[in-house]
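Q: Before anything else, here's the structure in question.
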Amino acid sequence: MAIDKLKVNLVVDALMFLCVMAMTGVGLLMKFILLPGKDTRAVYGRKVELFLFGMDRHQWGMIHMIIAFAFLGLAVFHVILHWRMILSLYPRLIGSQIARRIIAVIVVIVALLFVTFPFVVKPVVQEPEHKEKHYR
């Protein structure tokens, strides 16, 4: 039985690694290759739309998010697999029970803030700036 848990853990860790590498690759693709419209003008001399494998940067952004959700699920599963170890190491790492509880509450609150903040913030809305061209 212990061997099976080790195999599952190895597969989960490998999948987490591949997710992080894929998120990094797609993020770099969106940042440096599939430029936003305002940046294409500087590179191509005009505003153009860029595609890779038939998908634009917004569609690649959706892939980036899906991979991030897969990683999140794997990370939760990883914690579940290591829960006994976490429970045995945590008291050794932080001796005071009060400090352990405070740190645990802070970690949970910060984690929840990270996940929920996109749903509580409001973007600043402004009209795009149009530079007037002067022709001679």
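Q: Charges at C-beta only: +1 for Lys and Arg, -1 for Asp and Glu. How large is the resulting dipole of the chain about its Cα centre, in Debye rounded to 20?
A: It comes to approximately 260 debye.
Q: Related question: Could you check how much of the accessible area of the range 1-69 is carbon and sulfur, as a whole percent, using a 1.4 Å probe?
A: 72 percent
Q: Still on this structure: Translational D (Stokes-Einstein, µm²/s) of the range 41-100 at 37 °C and 0.692 mPa s when Rh comes from the Kirkwood sum over C-alpha pairs?
A: Working: Rh = 15.8 Å.
Translational diffusion coefficient: 208 µm²/s.
Q: Hull surface divided by four, with the convex hull built on the Cα atoms of the chain: how many nm²?
A: Answer in nm², one decimal: 13.9.
Q: Provide Rg over Rh for the range 73-134; use the alpha carbon set for both Rg and the Kirkwood Rh (inverse mean inverse pair distance). Before the final figure, lay out each step's value.
A: Working: Rg = 21.7 Å, Rh = 15.8 Å.
Result: Rg/Rh = 1.37.
Q: Using the heavy atoms of the protein chains alone and a 1.4 angstrom probe, what is the accessible area of the chain per residue in square angstrom?
A: It amounts to 87 Å² per residue over the chain.
Q: Run lengths n ≥ 4 of DSSP H only: what is the helix-derived mean residue ellipticity at 222 nm for the chain, with -39500 (n - 2.57) per run over all residues, to the nearest 500?
A: For the chain, the value works out to -24000 deg cm²/dmol.
Q: Averaged over every viewing direction, what's the projected area of the C-alpha convex hull for the range 1-75? Give it in nm², one decimal, please.
A: Directional mean of the projected Cα hull area for the range 1-75 stands at 5.6 nm².
Q: Give me the percent relative contact order of the chain, please, defined on Cα pairs under 8 angstrom at least 6 residues apart.
A: Worked out over the chain, it gives 23 percent.
Q: While we're on this one: Enumerate the helices in the chain for which the Kyte-Doolittle hydropathy averages 1.0 or more and the C-alpha atoms extend at least 20 Å along the helix's axis, using complete DSSP H runs.
A: 2-28, 57-81, 97-120
Q: Any chance you could run the full-extension gain for Val48 through Gln126? It's 0.36 nm times the residue separation minus the Cα-Cα distance, nm to one decimal.
A: 25.8 nm
Q: Next question, about the same structure. Using 0.36 nm per residue, how much length does the chain from Ile106 to Ile86 gain when fully extended, once their Cα-Cα distance is taken away?
A: 5.5 nm
The values are calculated or read from the model by the stated rules, or taken from the named source; none is laboratory data. Just so you know, these numbers come straight off a predicted model, no measurement behind them. Note that we place each Cβ from the backbone using ideal geometry, even for glycine, and neighbour counts take in every protein chain shown. Protein only, heavy atoms only, side chains kept; ligands, DNA and RNA dropped before computing areas. Shrake-Rupley method; radii C 1.70, N 1.55, O 1.52, S 1.80 Å.
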